[in-house]
Each structure stands twice: as structure tokens, then as C-alpha cells.
């Protein structure tokens with residue numbers, strides 16, 4: 001099995017792979033594109049295949065590719081990672097931490113930190129955090145549920161089904177047709193867990209991870225094995241006893257169905273777990289801000305993610321129906337409910353000040369922020385990008401309205417977020433941005 005690690009937007013030389021592996025990878029990507037509307041790779045170049053903005057892992061027969069976030073400061077990052085590349089392990093750890101914090105994988109950041117010294121691949125790490133969480137819950141007790149049974153029995157239990165008794169036992173006084181409830185582990189939830197363990201067992205090559213999956217399967221010895229379909233998830237009833245498994249269930253859905261974020265294609269030889277970085281970055285910043293609200297010096301109750309309960313509309317039709325909903329990523333209120341600050345995250349590598357005075361910030365993003373600041377009456381509006389070398393924060397005043405400003409700010413993700421010092425440093429950066437001290441001294445008008 002050939003394994004390749006590369007950053008998002010990196011390039012994979014076509015000559016580095018045998019033709020049969022390239023064809024398998026392209027076949028996967030074409031099906032992925034048809035089902036999701038977006039391919040993982042750009043196939044238009046003759047000499048190389050270019051990764052796009054999705055990160056995660058893809059496995060086709062004979063080849064595993066992990067695509068990692070490009071978190072380094074320098075715009076001159078390598079197109080692929082070497083086997084002992086420190087940047088690769090930093091990117092892996094940070095990606096896992098971001099996925100854990102946003103609830104995309106069933107793990108806690110302390111568990112992520114424990115994986116890093118083992119230098120597992122991204123695929124093995126994703127499987128390991130799932131199975132450890134699953135085993136932890138199974139030790140508390142496997143899920144049980146009452147299942148209704150009907151049978152023609154020699155014992156009387158539950159209630160007698162009179163119509164069936166007359167039909168089947170008119171000449172069999174020794175038998176009774178009954179209906180009863182049985183408390184069993186053979187539940188739809190456990191069938192999904194069992195199917196997921198078998199699926200992951202087929203793609204992992206790590207002995208330790210395989211052993212842990214087999215330990216989990218022992219708990220499901222009395223659970224039926226059968227193919228899991230979408231309706232199996234839709235029909236699940238998550239009662240209080242099952243609620244503790246909810247984060248695991250979301251991961252199972254990704255593995256078995258690929259409903260989000262990538263298709264499994266019904267092909268047991270092909271496997272993928274993919275995450276669009278723009279969405280992940282947006283969710284990460286929001287959840288990190290809520291978790292570290294005290295350090296950042298914000299009131300959690302005054303932080304609105306995706307403008308929840310504070311939506312505005314850009315336009316209204318002639319029949320007075322609202323059109324084009326506006327949903328900034330983060331809104332922070334004053335105590336009186338008025339908007340204090342608005343943040344929109346952008347996962348984009350900007351140009352340096354030397355290359356472009358505007359750093360490559362798109363006009364579309366500026367127009368969007370202009371609409372936000374007026375519809376939400378926000379005096380302070382921030383476009384938040386990952387840090388790049390040679391780029392300094394910028395601050396602009398809105399022409400014709402000196403009460404409103406728009407800022408371009410940055411957070412440094414080129415640090416090990418599984419470590420406490422790195423999380424504290426990031427929280428301090430966000431505090432400076434929110435409270436307005438991390439801005440350029442040069443203020444211009446838009």
C-alpha cells in the first residue's frame with residue numbers, strides 16, 4: 001500500500017504514481033464529484049494532480065492519500081510531506097484537534113494529544129479516536145432496548161394474542177401464542193456500531209488499532225450483522241440511555257454512508273473521510289471562542305454563531321417577502337443587545353504586503369462585510385484569516401460613515417494546538433482582535 005501525505009492545494013506529480021493507481025484515484029474522484037458537486041483534485045494539468053480545499057483521507061486499492069491543512073506561514077510550502085516531516089505531524093495534530101473541538105469526530109483534545117507521540121497516519125488516528133471512545137462507552141454498558149416479540153410458545157408470558165391463538169393452536173392446547181417485551185442488546189444502534197467496526201477493520205493496517213476494533217466487536221457478539229442503509233439512521237430513536245452514543249453515531253454515519261462529508265460509493269475497497277476546510281475553520285473559530293470565552297473576555301450569552309436568532313435579510317421582493325438571508329459567522333453583542341462586533345472567517349492564504357497592498361482580499365468579501373455592517377448596524381467588522389508571513393493587519397473606515405470600520409486580522413495556526421500553551425496563545429490573539437488592539441496603525445477609507 002503506497003501512502004502519500006500532501007497539503008491542501010499541494011501538487012502530486014503524475015510520474016510519482018503508477019498509471020493504475022492514478023486511474024483508480026481519478027475514478028473515485030469523478031464519482032465523488034458527481035455525488036457531492038465538488039472533486040477533491042484538479043485533473044486539468046498534464047504533469048501533476050492538484051489538491052483542492054478538502055482535507056482528510058482517501059483510500060483506493062493500493063493507495064492511501066492524506067490531505068492536510070496548510071497551516072505554515074510561508075507561501076512556499078512543499079507540495080508533499082516527507083515521511084519524517086515535522087510539519088506533517090503538526091498539521092495532523094491540529095486537524096484532529098479542530099475536528100474534535102467542532103464535534104466532527106468523537107474525541108477530546110486530551111485524547112488527540114495522546115496519539116501524537118505514536119506518529120500514526122491520519123487514517124489510523126481517526127479510527128483510533130473512534131474506537132477508544134466506543135470502548136469507553138461500552139465499558140459503561142452496551143446499549144439495550146425493549147424489543148417486541150411474537151411467538152408460539154410452550155410458556156405463557158406477556159399477553160395472549162387471541163386471534164393468533166385460535167388460528168394456530170385450535171388443536172394444540174400445549175402451546176400459547178403470545179406477545180412480550182424483551183430487553184436485548186440486538187438494537188439498531190448496536191447494529192450500526194458493529195457494521196462500522198467491521199468497515200474500519202477492513203481499511204486499517206495498524207495492529208494496535210485492529211486489536212481495539214476486535215475488542216469492541218466482542219461486545220457485539222449477540223448483535224446481528226447486516227448492511228446499514230440511510231433509513232437505519234433516520235429511524236433511530238435516541239432515548240436518554242442512547243444519548244451518550246450520539247457523537248459516535250455521527251461518525252458512523254460518515255463512515256458507512258458518507259452523507260457528510262464524503263461518499264463511500266458502496267465500494268468496500270474504497271474509503272474516504274473528507275472535510276471542507278472553509279467550513280471546518282469557521283466552526284473551529286466559533287467553538288474555540290466559546291470554550292475560551294473567559295480568557296478572550298467575552299460573555300458566552302452575547303456570542304451568536306451563524307447569527308443564530310439574529311438573522312437579517314438583504315432585500316425584500318415587491319410583494320414584501322424577505323430575500324437573501326445574511327448570516328455572519330460570529331456576532332458579539334453589547335449587554336444591551338446591540339451589535340458590538342461581527343466576524344467572518346475566511347480560510348484563504350493571502351498575499352504579502354510586498355506582493356499586494358490589499359493582500360489579495362477579494363472585493364466580494366469586502367462587499368459582503370459592507371452589507372453585514374449596515375444590516376446588523378455593526379460598528380466593528382472583522383475578516384479573520386489564517387496568518388501568513390509578510391501580511392500585516394489592516395483597518396479601514398467606511399467611506400461616508402466614520403462610525404463603522406472594517407478590519408483584516410489573522411490568527412496563527414502554525415503551533416501545536418494539542419498543547420495548552422498554544423491554545424492560550426491563540427485565545428490571547430482572539431482577545432486582542434475582539435477588543436481592537438490587533439489592528440494596523442494606518443487607517444484608510446473604503
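The values are calculated or read from the model by the stated rules, or taken from the named source; none is laboratory data. Given the structure is predicted, the values throughout are model-derived calculations rather than measurements. Ideal geometry is used to build each Cβ from the backbone, glycine not excepted, and the neighbour counts take in all protein chains shown.
Per-residue answers, yes or no, for (1) in the same structural domain as residue 88 (by TED's automatic domain parsing); (2) part of a loop (DSSP other than H, G, I, E, B); (3) more than 30 Å from the chain's Cα centre (by Cα):
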position: 335; (1), (2), (3): no, yes, yes
position: 355; (1), (2), (3): no, yes, yes
position: 385; (1), (2), (3): no, no, no
position: 414; (1), (2), (3): no, yes, no
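Restricting attention to the range 363-379, does a residue exist that is touching a helix residue (DSSP H, G or I) at 6+ places or on another chain (Cβ under 6 Å) and either surrounded by fewer than 21 Cβ atoms within 10 Å (Cβ to Cβ) or modelled with pLDDT of 90 or more (or both)?
Checked the range 363-379: no residue is touching a helix residue (DSSP H, G or I) at 6+ places or on another chain (Cβ under 6 Å) and either surrounded by fewer than 21 Cβ atoms within 10 Å (Cβ to Cβ) or modelled with pLDDT of 90 or more (or both).
Checking the condition touching a residue at least 60 places away in the same chain (Cβ under 8 Å) and in contact with a strand residue (DSSP E or B) (Cβ under 9 Å, 6 or more places away or on another chain), which residue from 384, 417, 406 passes? So that I can check it myself, show each step before the final result.
Details: 417 fails: in contact with a strand residue (DSSP E or B) (Cβ under 9 Å, 6 or more places away or on another chain); 406 fails: touching a residue at least 60 places away in the same chain (Cβ under 8 Å).
Result of the check over 384, 417, 406: 384.
Go through the range 20-31 and give me each residue that's touching a residue at least 60 places away in the same chain (Cβ under 8 Å) and either outside the structural domain of residue 62 (by TED's automatic domain parsing) or under 16 Å from residue 8 (Cβ atoms) (or both).
Within the range 20-31, no residue meets the criteria.
Condition test on residue 32, is it more than 26 Å from residue 416 (Cα to Cα) and surrounded by fewer than 14 Cβ atoms within 10 Å (Cβ to Cβ)? Please lay out each step first, then the result.
Numbers: more than 26 Å from residue 416 (Cα to Cα): yes; surrounded by fewer than 14 Cβ atoms within 10 Å (Cβ to Cβ): no.
Answer is no for this residue.
Just to confirm my filter: which helices (runs of 4 or more DSSP H) fall fully inside the range 234-300 and include at least 1 residues that are at pLDDT 90 or above and under 26 Å from residue 137 (Cβ atoms)?
246-256, 277-291
May I ask you to verify whether residue 339 is loosely packed, with under 15 Cβ neighbours inside 10 Å and touching a residue at least 12 places away in the same chain (Cβ under 8 Å)?
Taking the combined requirement at face value, the residue does not satisfy it.
Give 216, 221 a once-over and let me know the one that is in a loop (DSSP other than H, G, I, E, B), at pLDDT 90 or above and over 21 Å from the mean Cα position of the chain (by Cα).
Result of the check over 216, 221: 221.
Looking at the structure I just gave you, is residue 142 within 20 Å of residue 240 (Cβ to Cβ), touching a residue at least 60 places away in the same chain (Cβ under 8 Å) and not in a helix (DSSP H, G or I)? If you could, list the steps in order and put the result at the bottom.
Details: within 20 Å of residue 240 (Cβ to Cβ): yes; touching a residue at least 60 places away in the same chain (Cβ under 8 Å): yes; not in a helix (DSSP H, G or I): yes.
It is true that residue 142 is within 20 Å of residue 240 (Cβ to Cβ), touching a residue at least 60 places away in the same chain (Cβ under 8 Å) and not in a helix (DSSP H, G or I).
Scan the range 189-198 and give yes if some residue there is farther than 28 Å from residue 273 by Cβ and touching a helix residue (DSSP H, G or I) at 6+ places or on another chain (Cβ under 8 Å), otherwise no.
no
Considering only the range 371-383, how many residues are farther than 15 Å from residue 330 by Cα and in a strand (DSSP E or B)?
Final tally of qualifying residues: 0.
Among the residues of the range 308-336, which ones are surrounded by 15 or more Cβ atoms within 10 Å (Cβ to Cβ) and in contact with a helix residue (DSSP H, G or I) (Cβ under 8 Å, 6 or more places away or on another chain)?
Those that are surrounded by 15 or more Cβ atoms within 10 Å (Cβ to Cβ) and in contact with a helix residue (DSSP H, G or I) (Cβ under 8 Å, 6 or more places away or on another chain): 312, 326, 328, 329, 330, 332, 333.
Please state which of the following conditions residue 123 fails to meet, knowing it meets all the rest: (1) in a helix (DSSP H, G or I); (2) out of contact with any helix residue (DSSP H, G or I) (no Cβ under 7 Å at 6 or more places or on another chain); (3) surrounded by fewer than 18 Cβ atoms within 10 Å (Cβ to Cβ).
The number of the failed condition is (3).
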